[in-house]
Amino acid sequence: MQRVAIVEDHYDNVPIFPLPNFVLFPNTMTRLHVFEPRYSMLTADALAGDRLVVLVGLKPGWEEDYYGSPPVHQVGSLCKIVNEERLDDGRYNLFVHCVARARIHTIHQFEPYRTAAIDVLPDVPSEDGAAVEDAMSRLVGCVRGLILQLGEHGVVLSSVLTSTRKPDILTNRLAAAIANDPHDKQSLLEQTSVRERAERLTDLSGDLLLRSTELERARVDEHEPVLIN
């Protein structure tokens with residue numbers, strides 16, 4: 001497995017790998033199966049270079065121009081390919097690590113895939129420490145309640161919660177575990193304030209806790225015995 005990239009502030013020519021309804025948060029990893037010829041070529045070129053790609057979500061309406069150049073979100077994920085398997089038919093299985101969020105500011109239209117000039121988007125550096133700590137405390141408390149409610153289904157969420165104590169990393173990992181709606185995921189990716197990410201995740205986890213409680217009550221009511229006098 002390759003080492004994670006040392007992140008620079010700016011890159012002039014990084015291949016773009018667009019995916020529908022997709023977000024990968026910093027300090028998280030994912031597996032990709034690459035089967036389209038143009039993206040197999042992109043992968044081969046990336047592996048021959050610095051192994052960096054920008055994974056970015058497609059904007060709504062992408063279906064009309066998927067095999068052309070459908071519009072992508074301005075903020076995506078700068079990722080390094082850390083492991084790869086090339087199959088006999090030219091497809092790839094990849095393991096990629098998101099090293100940073102990135103803002104795309106210039107797209108170069110080359111065949112058969114696009115590349116972009118990007119700026120790395122770091123978290124806000126001067127946030128009030130007490131405010132961040134307070135937001136994180138409320139988030140962690142809400143997530144713990146959700147874990148208790150989920151029971152055995154909360155194992156993954158529990159492992160995320162104990163994986164790090166760093167607020168920036170933890171909020172990104174919790175975002176990957178908690179957010180399901182593509183719009184929520186993209187909004188959280190674009191959020192560079194750790195405090196505001198924590199507050200948004202508290203709202204989302206609170207909604208999940210409420211829904212899971214209501215479902216549990218519905219199951220109990222459904223099986224409640226009928227008393228006949």
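The values are calculated or read from the model by the stated rules, or taken from the named source; none is laboratory data. Keep in mind that this is a model prediction, so the values were computed, not measured. With ideal geometry, Cβ positions are generated from the backbone for all residues, glycine too; neighbour counts draw on all protein chains shown.
General observations
- Subset of region 72-86 [hydrophobic (A, V, I, L, M, F, W, C), more than 17 Å from Asp45 (Cβ to Cβ) and within 14 Å of the chain's Cα centre (by Cα)]: Val75
- Qualifying residue in region 143-166 (condition: under 16 Å from the mean Cα position of the chain (by Cα) and in contact (Cβ under 8 Å) with a residue 40 or more places away in the chain): no
- If the condition is being modelled with pLDDT under 95 and either assigned to a strand (DSSP E or B) or among the aromatic types (Phe, Trp, Tyr) (or both), then region 18-30 contributes Pro18, Leu19, Pro20, Phe22.
- Wholly enclosed strands (runs of 3 or more DSSP E) of region 47-135 bearing at least 1 residues free of Cβ contacts under 8 Å to residues at least 60 places away in the same chain and in contact with an Asp or Glu (Cβ under 7 Å, 6 or more places away or on another chain): 92-109
- Looking at Pro125, Pro71, just one residue is surrounded by fewer than 17 Cβ atoms within 10 Å (Cβ to Cβ), over 28 Å from Glu199 (Cα atoms) and modelled with pLDDT under 95, and that residue is Pro71.
- Boolean, Ile147 is at pLDDT below 95 and buried (at least 17 other Cβ atoms within 10 Å of the Cβ): yes
- Boolean, Leu139 is farther than 22 Å from Arg173 by Cα and either free of Cβ contacts under 8 Å to residues at least 12 places away in the same chain or assigned by TED's automatic domain parsing to the domain that holds Arg173 (or both): no
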